[in-house]
Structures are given as structure tokens and as C-alpha cells.
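Here's the structure we're looking at; comments come further down.
The values are calculated or read from the model by the stated rules, or taken from the named source; none is laboratory data. Keep in mind that what you see is a predicted model, and the values were worked out from it rather than measured. We place every Cβ from the backbone using ideal geometry, glycine too, and count neighbours over all the protein chains shown.
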Amino acid sequence: MRRVVEPELLDDLPQDDVLATGSRIDLRLLNGIMGNAGILFRATRQLLGEAALGSVRLRVVELGAGDGTLALRWARRAAAMGVRGDLTLIDRHCLVSTETRQAFDALQWSVKGVECDAFEWLNGSRANCDLLLANLFLHHFSEPKLRTLLKLAALRTRMMVACEPRRSPWALAAARWVGFLGCNAVTRHDAVVSVRAGFTGSDLSALWPEGNGWKVDESSARLFSHCFAATRPEPKGSD
């Protein structure tokens, strides 16, 4: 399947639009069915283990974080390993509810929402992080923009992990049936568009900047997802 990037309806709806609210609820359901929090957890488990052994707080940033509920599912698994940290959620709209913030507090994870374009944050932020997460976010961009985003990301973190739609006939067929799960018209449209813009093979690895000892892994994950992970080894003798 040739990769095709098209606009998604949710991106242009006002955040308080009833269809947008419904679609965000749908996305929580689909993230759960796809197991994306678990995919991100498994991809980051080694880093989490190192943080637990060293009793250090992780600095984590999620790009395109939405309402923060996916990050919360991931953080619950991290907290079960004894890992605590500071999470920054980057999105064009601040959608993190009071209940979600309280849930992070209960895990002893601090959370900060930043209402900002991801490129703007990556270009302007002086703060680096240990881990950069992206869930169902990278597929929104064409290859030239992706190359720029990944280049900026490599300057900001020592590990980036992304969980994206898998671009395959099977995933496309499944996307066309999400209405049977109760998903609204926006989600039904965007699910198909997302799969067509998704990834397969080494799509993202080919766009990641070379050099600096980066280890890159990329593969299909579960039935419908695609996982990308890039890790830069810590210099010997570093804290």
C-alpha cells in the first residue's frame, strides 16, 4: 500500500464540539483495543528498569498527547515497576481533565500540559528529556515534515518511542468496521485516513537521523499497530 497523508476531521474541529468530544472517547476505546499503552510500555521497559534500579525520576514528554489518558495507562505500568517521573504533555489544545491529573498525582508522577504545536516546542524548548513518546501522532505528517520532526526529536531526548497505525490491507479493513464499536462519523472517517497514512517496514527508521550511536528498532505490533523505537546509549561514566 502506498502511503497517503490526508487531513483528519478531528484536527479541525473545535475542542468543545460534540463530535470532537465523542471522537476522543472513541480514541480511548480504540487505544485500549489496540493495546497501544502496552506496546509503548514493552518498548520502554529497559529504560524503565534502569530508572527503577537507579531510583531516578524520568523526564518524559509526549507529543500530540490529547487528553493524557494513554500516557496515564503507560505511567501506571511504569509506577508498578517503582518508576516515578515528570511528564510534559504537548498538544495544540490542553485537554487533560482534573481526574486525570489526580490519577497522575496518585502515582507520584507530576504532569504538566503545554498548549503548543509539537514543532514549535521541539524548536523552542531548551529542556531535554529522557524519553519522548508519540501515540497515533506521527502519521499526520508527510515525509519531509517527519524527517524534520525526527531530527529535532533526536536533539531533545535519549530515547523516542512511537506507536502508530500499521499500513496494511488487514488494518484498513478493520478501520472500515469501527462503526460497529459505536464510533461516530468523525472517528469512522479518521480511522481509514489514519491507516492509509500509517507505517510499515522501516518507514520511520529511514527518516531517523544517522550517527551518534542511535539504535533503531521498528516492527509491527499486535494486530493493527506499528512500533518505532530509537535509543542513544548513555556515554560511559555518565550519571
Fill in: Matching option when the condition is in contact with a strand residue (DSSP E or B) (Cβ under 6 Å, 6 or more places away or on another chain) and at pLDDT 95 or above, among LEU27, LEU40, LEU48, LEU19
LEU40
Worksheet, complete the sentence: Inside region 1-29, the number of residues satisfying the requirement of being under 29 Å from ARG158 (Cα atoms) and buried (at least 20 other Cβ atoms within 10 Å of the Cβ) is 1
Worksheet item: Of the residues in region 190-213, how many are surrounded by fewer than 23 Cβ atoms within 10 Å (Cβ to Cβ), of a type in the set (Val, Ile, Thr) and within 11 Å of ARG167 (Cβ to Cβ)?
Response: 1
Item to complete: Write out, first by first residue and then by second, each pair whose Cβ atoms fall under 8 Å of each other, whose residues are 6+ apart or on separate chains, and whose first residue, in region 132-149, is buried (at least 22 other Cβ atoms within 10 Å of the Cβ) while the second is charged (D, E, K, R) and in a helix (DSSP H, G or I).
Response: LEU132/ARG156
Item to complete: Tell me, please, whether a residue that is surrounded by fewer than 17 Cβ atoms within 10 Å (Cβ to Cβ) and not charged (D, E, K, R) can be found in region 69-76.
Response: no
Discussion item. Take LEU89 and tell me if it is crowded, with 21+ Cβ neighbours inside 10 Å, at pLDDT below 95 and closer than 20 Å to LEU152 by Cβ.
Written reply: no
Discussion item. Tell me whether region 75-88 contains one or more residues that are of a type in the set (D, E, K, R) and closer than 24 Å to LEU146 by Cβ.
Written reply: no
Item to complete: Tell me, please, whether a residue that is within 17 Å of the chain's Cα centre (by Cα) and in contact (Cβ under 8 Å) with a residue 60 or more places away in the chain can be found in region 173-184.
Response: no
Item to complete: Spot the failing condition for ARG77; the list is (1) farther than 14 Å from TRP109 by Cα; (2) touching a helix residue (DSSP H, G or I) at 6+ places or on another chain (Cβ under 9 Å); (3) free of Cβ contacts under 8 Å to residues at least 60 places away in the same chain; (4) not hydrophobic (A, V, I, L, M, F, W, C), and only one is missed.
Response: (1)
Item to complete: Please indicate, with yes or no, whether at least one residue in region 92-113 is basic (Lys, Arg) and under 15 Å from the mean Cα position of the chain (by Cα).
Response: yes
Worksheet item: Within region 152-161, can one find any residue that is over 24 Å from ASP16 (Cα atoms), basic (Lys, Arg), modelled with pLDDT under 95 and in contact with a helix residue (DSSP H, G or I) (Cβ under 7 Å, 6 or more places away or on another chain)?
Response: yes
